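As structure tokens, the structure follows; a few thoughts come after it.
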Amino acid sequence: MVSIATGSLAVRREQARERWLQKINADVYVTVGMGTCGLAAGAGDTLAAIEAELAKRNLNAVVGKVGCVGMCSYEPMVELQAGGKPRVNYGQATARNVPEIFASYFDGAPLRKSVVVGEVAPTVIQTNGRALHSLSFVDPESKEKTAFHQKQLRIVLSNCGLIDPESIDDYLALDGYKALETVLTEMTPEEVIEEVTRSGLRGRGGGGFPTGVKWGFARKTPKWPKYVICNADEGDPGAFMDRSVLEGDPHSVIEGMIIAGYAIGAETGYIYCRAEYPLAIRRLEIALAQARELGLLGEDILGSGFGFNILIKEGAGAFVCGEETALMASIQGERGQPWPRPPYPAVSGLWGRPSNVNNVKSYAYTPRIIRLGAEWFKNLGTEGSPGTAVFALTGMVNRTGLVEVPMGITLREIIYDVGGGISLGKKFKAVQTGGPLGGCLPEAHLNTPVDFDSLRAAGAVMGSGGMIVADETTCMVEFAKYFMQFVCDESCGKCPPCRIGSTRMLEILERITAGEGELEDLDEIRRLATGMEKGSLCALGQLAPSPVISTLRHFEEEYRAHIEDRRCPAGKCRALITYEIVADLCTGCMVCMRNCPSNAISGEKRQPHVIDPELCERCGLCMEVCKFDAIIVW
Amino acid sequence: MDVTLTINGQKVTVPDGSTILEAARYAGISIPTLCHHPDLTNVGACRMCVVSVERARGLQTACTTPVFEGMVVDTESEDARETRKFVLEMLLTDHPNDCMVCEVNGDCELQDLVYDYGVAWPEHRGVRHSYEADPDPNPFIFIDRNKCILCSRCIRACDEIQNRDVWNFAYRGFKTKLVAGADQFLLDARCESCGQCVAYCPVGALYDKMSLGAGRVSQLTKVRTTCSYCGVGCNFDLNVRDGVIVRVTSAHDAPVNGMSLCVKGRYGYDYVHHPDRLTRPLVRAKWLGAEQVEEQVANGNWQIATVAEKYVQPPASGPQPSISDGTFIQTDWDTALDVVARKFTEVKKAHGGDAFAVFASAKCTNEENYLFNKFTRQVLGTNNIDHCARL
């Protein structure tokens, strides 16, 4: 294929920019958030309903789809702009609510089911004469940024929710592939590495190793071919940062990988993406085809003589394949098991060749760093951890979602300011960062700044960005047990400390939550944890005890209550709790009786009911359905 | 290029690219291993060879970590020893406590390490695997997955040495299980029953089925011999108990084949004690002369043979079988060889040496074939000699 020279790319970019401006300034412009999250909430039906509503109102509109804007609790989300009025983002925009959204926007009718998330305020970061566009929402009245966006700084997520991820023109219009142009025409590979190193970018997969230094190692190894690998095997429960980037802005990852390929001297890239992300894979395939068509992938990119290609490798559902050596084994068609390092991938990786493995976000940062400059990036965040951190904020907070904040912001700010505090007015208990291999931190540590080193010092880890908030109704032993169960299911089985140690630890946790624990079990947990940490082959086994050890460190009294008092203070462990009806509060409405799946509740109408503890299965359904708070658990 | 490092305070110089384990063994320092075998690639799975390396993060596996100039290694650090003990204890929490009746008692790498590290049998309330013993109909290879420590030596031996790639792991975590093919029977998974997997198994998970209950290492005498099946000349050890071969084990120091053997060499030894085997010569009665036959049979030196030795014993009572010209008589070697020599001489005199054609066998050793060649050309006087390996 004939590559287009930089000149014709500039022409294409100019056309794309014009189209982009036409689109966003269209008389009627509607976008729907079509990430997996939006689609799962019904965005597909919403889109159909919008078409119908537009037809009904006889409006000639530009309808676009965009990636996830990060506000999970509001999905599906729709943005509406017409007749020069401000662009407004609506949440809970299910197909059924589309008519009322249109009625509200055009006719001023009140909203009943859906909500106004905010007015869309384009945000532009200007530096060195370059611009980085992103979007945020402001309050329609005060024009202040909404609480969700106030403390956020969207760099790697800048395009998510802004552009159509299936359009390379949208990406080009916002200066996409400009960094690649700069790299190929003005910089030597060494200069690229130097620039990335100077930015202080640390690997966003969780390890936090300086990205530029890693690239330098791979460049120095005198063996060919070399490989650039993107680790998109995001497997932490409750984490979806990488998915959102791939679904919302796939070209930024591709651009970052091409730049990395040029820097280390590789001609082939692999994106190892878990098969559970079909939409991400589809959008990557579309993006790769578009990039190939424009000669941004393939031989002699932009006439530079440098050629690069990217292949997608789908995972087969193993968490451990997020570990870089297991990932490479999987690409090689072998069982996904880690192999020992050294030698490191930069020396001997995929098929024994020098390979550079980075996380999705690390690659996505790269074009932005090249374009806006290492100095700009270095001055964001903290000295040791420049830039921003992306978290998937989940659990018991009011506003769950995907957030990007400058490094150094405290956990408290993320949970209370961005996340809006604990849901249902409950009390905060703990926050787990870093997924099943991370640690949990209690209230006392909420002022810990979020960066690689501070979190590690506090006994948690940055991880790749999962952040799960637990409220007072969470039993920390059960919480730890959940993660240990995950590790048991996901241990690859290669080395005995992880394979057997995790099972032994789970057995102890199961005994404790079943009311059969003994005090010696706590020492045994610590002993097993030490053995696993020191003995395991890869980070999965070494870090697997962290959720248990950190809960034991901060919530030992809760473990002891399970063992010594045979009591679960959070009222969660079925074997240790009793449901009881408070006679004074019970109105005898019989609702609990009808809902009890094991017929454990008896009583006459308008008389206080009674729960038979022998028959009660401790499902808690009665407590949920009681309107009078007459059922207590102890 | 050579690299000098320090192991346990001792300076060691080894070629660049060596592993810590190789350097230590070169210096006479022993590091325990389970999944390592010098014939196989190193995978660092069992964690027994962990050692402390100065300035390295965490323990390193000696079998996989390359040495570098100035490296300082402590193979007996407290961390390393404690971790090894932990690994052994973990393995034992999912291993039967049946060394007393185990086939490999006294010849088991796990047992030796448990002994060396003084690990007690862990009593616990958790799960242990209870796989069916001998679940595979393969006639030669016995499997007891309850004893398997998932070291993957069998997998690598099959893949890297035999190139059959029969074995692998299936499932994950504690459920990880050694399987043939797609969890099939061995013979359905391309297994050619060479027994390499058995030879490399450090424990009693894989064993030779024909040798079950036949004797353990302390009861056996090993006799090094050369395989009689083909001309490759593999060496192995016959494991003999009370004068009977009960097992063949390959030997790492065998010059031609190392640990490798084929199905015939490893399992084809039952002919040695087979009742059908001819151990004395049989000669047709007509070549011996009726009188001599009658006399020698009468005084018990020769016997009347029917088909093979097991039929040789005459019925205890009743009439003896009659002797015709074609009857086989079991004679002594001298008599039989005399007959052969006499017939050869007759043929050569009557028709010349080229009346003979000689066919040698790949089952003979090189030395035997050499002698056969000399005999054919110089004694029989013909060049009509060929060999089955030429076919």
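The values are calculated or read from the model by the stated rules, or taken from the named source; none is laboratory data. The structure displayed is predicted, hence computed values, not measured ones. For neighbour counting, all protein chains shown are included, and Cβ atoms are generated from backbone atoms with ideal geometry for every residue, glycine included.
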Original post:
Here are some residues: A:Ile512, A:Ile500. Which one is within 18 Å of A:Leu576 (Cβ to Cβ) and within 14 Å of chain B (Cβ to nearest Cβ)?
Top reply: A:Ile512
Subject >> All positions within segment B:367-376 that are of a type outside the set (S, T, N, Q) and under 18 Å from B:Val340 (Cβ atoms) >> reply: B:Glu368, B:Leu371, B:Phe372, B:Lys374, B:Phe375
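For every residue, the table says whether it meets (1) among the acidic types (Asp, Glu); (2) touching an Asp or Glu at 6+ places or on another chain (Cβ under 8 Å); (3) within 20 Å of A:Ser252 (Cβ to Cβ); (4) modelled with pLDDT of 95 or more.
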| residue | (1), (2), (3), (4) |
| --- | --- |
| A:Pro406 | no, no, yes, yes |
| A:Glu413 | yes, no, no, yes |
| A:Phe428 | no, yes, no, yes |
| A:Val431 | no, no, no, yes |
| A:Ala460 | no, no, no, no |
**OP:** Would you check which residues across segment A:146-204 are of a type in the set (Ser, Thr, Tyr), in a loop (DSSP other than H, G, I, E, B) and touching a Gly at 6+ places or on another chain (Cβ under 8 Å) and list them?
**Re:** A:Thr146
Original post:
Could you say whether any residue in segment A:262-270 is touching a Leu at 6+ places or on another chain (Cβ under 6 Å) and more than 13 Å from A:Lys226 (Cα to Cα)?
Top reply: no
Subject >> Members of segment B:65-93 found to be more than 11 Å from chain A (Cβ to nearest Cβ) and aliphatic (A, V, I, L, M), listed by number >> reply: B:Met71, B:Val72, B:Val73
**OP:** Taking A:Val477 as meeting all but one of (1) in a helix (DSSP H, G or I); (2) within 14 Å of another protein chain (Cβ to nearest Cβ); (3) closer than 27 Å to A:Gly620 by Cβ; (4) not hydroxyl-bearing (Ser, Thr, Tyr), write down the number of the exception.
**Re:** (2)
Subject >> Given (1) part of a helix (DSSP H, G or I); (2) within 30 Å of A:Phe479 (Cα to Cα), index of the condition A:Asp236 fails >> reply: (1)
**OP:** State the number of residues belonging to segment A:248-269 that are assigned to a strand (DSSP E or B) and touching a Ser or Thr at 6+ places or on another chain (Cβ under 9 Å).
**Re:** 0
Subject >> Among (1) at the interface with another protein chain (Cβ under 10 Å from one of its Cβ atoms); (2) surrounded by 20 or more Cβ atoms within 10 Å (Cβ to Cβ) - the single one B:Ala62 does not satisfy >> reply: (1)
**OP:** Find the residue count for segment A:399-447, including only residues that are in contact (Cβ under 8 Å) with a residue 60 or more places away in the chain and polar (S, T, N, Q).
**Re:** 2
**OP:** Looking only at segment B:111-126, decide whether some residue is at the interface with chain A (Cβ under 9 Å from one of its Cβ atoms), assigned to a loop (DSSP other than H, G, I, E, B) and surrounded by 13 or more Cβ atoms within 10 Å (Cβ to Cβ).
**Re:** yes
Subject >> Filtered residues of segment B:155-178 (kept if aliphatic (A, V, I, L, M) and more than 26 Å from B:Val114 (Cα to Cα)) >> reply: B:Ile161, B:Val166, B:Ala170
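Here's the yes/no breakdown for (1) closer than 28 Å to B:Val14 by Cβ; (2) in the same structural domain as B:Lys209 (by TED's automatic domain parsing):
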position	(1), (2)
B:Glu69	yes, no
B:Thr75	yes, no
B:Ala80	yes, no
B:Val87	yes, no
B:Cys99	no, no
B:Ala133	no, yes
Original post:
Quick check, is A:Ser454 within 16 Å of A:Thr433 (Cα to Cα), in a helix (DSSP H, G or I) and either away from chain B (no Cβ under 14 Å) or charged (D, E, K, R) (or both)?
Top reply: yes
**OP:** Within segment A:547-565, identify whether any single residue is in a loop (DSSP other than H, G, I, E, B), more than 31 Å from the chain's Cα centre (by Cα), more than 29 Å from A:Thr433 (Cα to Cα) and at pLDDT 90 or above, and answer yes or no.
**Re:** yes
Original post:
Of these, A:Glu181, A:Glu191, A:Glu247, A:Glu186, which one is over 24 Å from the mean Cα position of the chain (by Cα), of a type in the set (D, E, K, R), surrounded by 19 or more Cβ atoms within 10 Å (Cβ to Cβ) and assigned by TED's automatic domain parsing to the domain that holds A:Gly305?
Top reply: A:Glu181
Original post:
strands (runs of 3 or more DSSP E) wholly in segment A:285-399 with at least 3 residues that are surrounded by 21 or more Cβ atoms within 10 Å (Cβ to Cβ) and under 22 Å from the mean Cα position of the chain (by Cα) - which ones?
Top reply: A:355-359, A:388-395
Original post:
Which of (1) within 10 Å of chain B (Cβ to nearest Cβ); (2) surrounded by fewer than 19 Cβ atoms within 10 Å (Cβ to Cβ); (3) within 30 Å of the chain's Cα centre (by Cα) does A:Ala539 not meet, given it meets every other one?
Top reply: (1)
**OP:** Please indicate, with yes or no, whether at least one residue in segment A:121-143 is in contact (Cβ under 8 Å) with a residue 12 or more places away in the chain, farther than 24 Å from A:Leu372 by Cα and part of a strand (DSSP E or B).
**Re:** yes
